[in-house]
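The values are calculated or read from the model by the stated rules, or taken from the named source; none is laboratory data. Please read these numbers as outputs of a predicted model, since none were measured by experiment. Neighbour counts run over all protein chains shown; Cβ positions are idealised from the backbone, glycine included.
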Amino acid sequence: MMKLEIDHVSKRYWLEREDAEILALDSVTLSVADAEFMAIVGPSGCGKTSLLNIVAGLLPYEEGTVAIDGKRVSGPGIDRAVVFQHPSLLPWRTIAGNVRYGMELQRRFDEATMRERTAHFINMVGLHGFERRYPSELSGGMQQRVNLARALAADPAVLLMDEPFAALDAQTREFMQAELLKIWAQARKTVLFITHQINEAIYLADRVAVMSARPGRVKDVFEVPFGRPRTLALKRDPRFLQLEDAVWRMIEEESERLGMVVASAHEN
């Protein structure tokens, strides 16, 4: 069963300074199954974040449809939660207060349920004992775990993640990737994950969609042939490196194509 369906979605932006319109996304079609982990990679500027914001209901689009469980997306909704690159935690709220914030906004959970879910997801992300701390007292990785717990506590059907580990150092990033897989194995949410790191996409996902250079299209979708659970040692497997190389070559081709188009336009 397909949980998320993106069907021939296109997005245009008007550039005031250049008095011109650009086509950012061109007829993007992609389906994500229930409880599937789908990663999206592609050259810089290919529209990955625009696509995620469209699915989140934060950005309008001109053509096509986006549907969750067959229901068309027309704006933000409780069936989706977004984990952005920066945690954006409320500094005046404790960790427990931040985790329950999304539930409070929805107004569909009673007080007892909010307390129970807050404790459950704080435990799930490994932050038991930090409930009364404030964001400024936590490391970047811990703050992002709070961000993830807040998203999961709101019980979305689809979890949207926009480069959530990009601001972390390399060691913390790898640790968070492993932690995310453990959390996802328990929560079993449908995930759409945007990243620039190919090995991160392959390590985390069931499938990896590669987008073309602007205007963004789905150029190909790679099945990730590794079972679960996964450990970081997988990244040294020759088959993993072979798949990483294949995805990288495709992105490199698209980046080079974009460079030729830009150069040609500049010459004219």
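Of the helices (runs of 4 or more DSSP H) lying entirely inside region 78-150, those carrying at least 1 residues that are of a type in the set (Gly, Ala, Ser), modelled with pLDDT of 95 or more and buried (at least 19 other Cβ atoms within 10 Å of the Cβ) are 95-99.
What do you reckon, is GLY45 more than 15 Å from the chain's Cα centre (by Cα), over 21 Å from LEU204 (Cα atoms), not aliphatic (A, V, I, L, M) and not in a loop (DSSP other than H, G, I, E, B)?
Here the answer is no, as GLY45 does not meet what is asked.
Can you tell me how many residues within region 27-45 are buried (at least 18 other Cβ atoms within 10 Å of the Cβ) and more than 17 Å from THR190 (Cβ to Cβ)? Qualifying residue count, region 27-45: 4.
Looking at LYS235, LYS219, just one residue is in contact with a helix residue (DSSP H, G or I) (Cβ under 7 Å, 6 or more places away or on another chain) and either without any contact (Cβ under 8 Å) to a residue 12 or more places away in the chain or under 22 Å from MET2 (Cβ atoms) (or both), and that residue is LYS219. For region 62-72, the criterion of a residue being over 30 Å from ASP169 (Cα atoms), free of Cβ contacts under 8 Å to residues at least 24 places away in the same chain and either in contact with a helix residue (DSSP H, G or I) (Cβ under 8 Å, 6 or more places away or on another chain) or of a type in the set (A, V, I, L, M, F, W, C) (or both) is satisfied by no position.
Set side by side, the residues VAL99, VAL41 differ, and just one is within 24 Å of MET250 (Cβ to Cβ) and touching a residue at least 24 places away in the same chain (Cβ under 8 Å), which is VAL41. Beta carbons closer than 7 Å, at least 6 apart along the sequence or on distinct chains, pair a first residue in region 243-268 that is at pLDDT 80 or above with a second that is surrounded by fewer than 14 Cβ atoms within 10 Å (Cβ to Cβ) for MET250/ASP220.
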